[in-house]
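The values are calculated or read from the model by the stated rules, or taken from the named source; none is laboratory data. What you see is a predicted model; the values in this text were computed from it and never measured. A quick note on method: Cβ atoms are made from the backbone with ideal geometry, for glycine too, and the neighbour counts reach across all protein chains shown.
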Amino acid sequence: MLSKQIVCKHSLSRAGLKEQLEKASLGIKNYAIIDAAKNETLFSYIKGRKDSYTSLFVKDSRQELKTVAPYLLELEAEDANWIIDDIIDKDLGFVIGSETCHQDWVNKLSEWIYQKDEKGKVSLFRHYDPVVLRQLIENEGSGSDSIVTEIYPDSVIVMKASNEKYTKWTIGSKE
């Protein structure tokens, strides 16, 4: 039986990450997930981009919460320095490489943001926050890898690690 799990972890240097982003070798498409709530100038930058970007909040609240929403952005090769220096290094977001199309990611990531507890109360699950995602991945032995692999299946995730290094996790199928 095949199951999704974190199958590989690598350390990358800044130069290695920059090269992979410029060559789009993380996946067929590279995306950034950015948490605009962590920096008040991010939304201004995001809305000025010509590339595709979408809020991950539900449609009803997208306009009202646009300056503090998490966003999915399609990345181009020329975004490498900006995404590393201004987003990843400041823990404002992370990169995903995947074959999944933009709208499918938006649908999948949006559905995981609003979670109900056993009493039916809706809470915000900040899986798009690199600090939260890093903790989920690092606690994979305690069962949280199933959450990570459900949210980000068949993808490569890259985010900041310590000592000016970056960590790249590959999520896929393993028997």
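In table form, for the structure just shown:
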item: Criterion violated by residue 114 - all others in (1) within 26 Å of residue 19 (Cα to Cα); (2) within 17 Å of the chain's Cα centre (by Cα) satisfied; result: (1)
item: Number of the exception - residue 108 against (1) surrounded by 13 or more Cβ atoms within 10 Å (Cβ to Cβ); (2) without any contact (Cβ under 8 Å) to a residue 24 or more places away in the chain; (3) of a type outside the set (A, V, I, L, M); result: (2)
item: Near pairs, Cβ below 8 angstrom, 6+ apart or cross-chain, from segment 4-33 (over 25 Å from residue 56 (Cβ atoms)) to any residue that is among the β-branched types (Val, Ile, Thr) and assigned to a helix (DSSP H, G or I); result: 14/84; 18/84
item: Where a residue in segment 73-87 is without any contact (Cβ under 8 Å) to a residue 12 or more places away in the chain and aromatic (Phe, Trp, Tyr) and its partner, wherever it lies, is surrounded by fewer than 17 Cβ atoms within 10 Å (Cβ to Cβ) and in a helix (DSSP H, G or I), with Cβ under 9 Å and at least six apart; result: 82/45
item: Matching residues in segment 110-137 - criterion: being under 22 Å from residue 44 (Cα atoms) and in a helix (DSSP H, G or I); result: 110, 130
item: Hey, residue 46 surrounded by 18 or more Cβ atoms within 10 Å (Cβ to Cβ) and either not in a strand (DSSP E or B) or not hydrophobic (A, V, I, L, M, F, W, C) (or both) or not; result: yes
item: Residue satisfying all of: in segment 28-43; in a loop (DSSP other than H, G, I, E, B) and not acidic (Asp, Glu); surrounded by the most Cβ atoms within 10 Å (Cβ to Cβ) among these; result: 39
item: Boolean, residue 60 is modelled with pLDDT of 85 or more and outside any loop (DSSP other than H, G, I, E, B); result: no
item: Selection within segment 87-135 - over 18 Å from residue 70 (Cα atoms) and in contact with a helix residue (DSSP H, G or I) (Cβ under 8 Å, 6 or more places away or on another chain); result: 98, 100
item: Test: residue in segment 19-34 that is within 20 Å of residue 130 (Cβ to Cβ), in contact with a Phe, Trp or Tyr (Cβ under 6 Å, 6 or more places away or on another chain) and not β-branched (Val, Ile, Thr); result: no
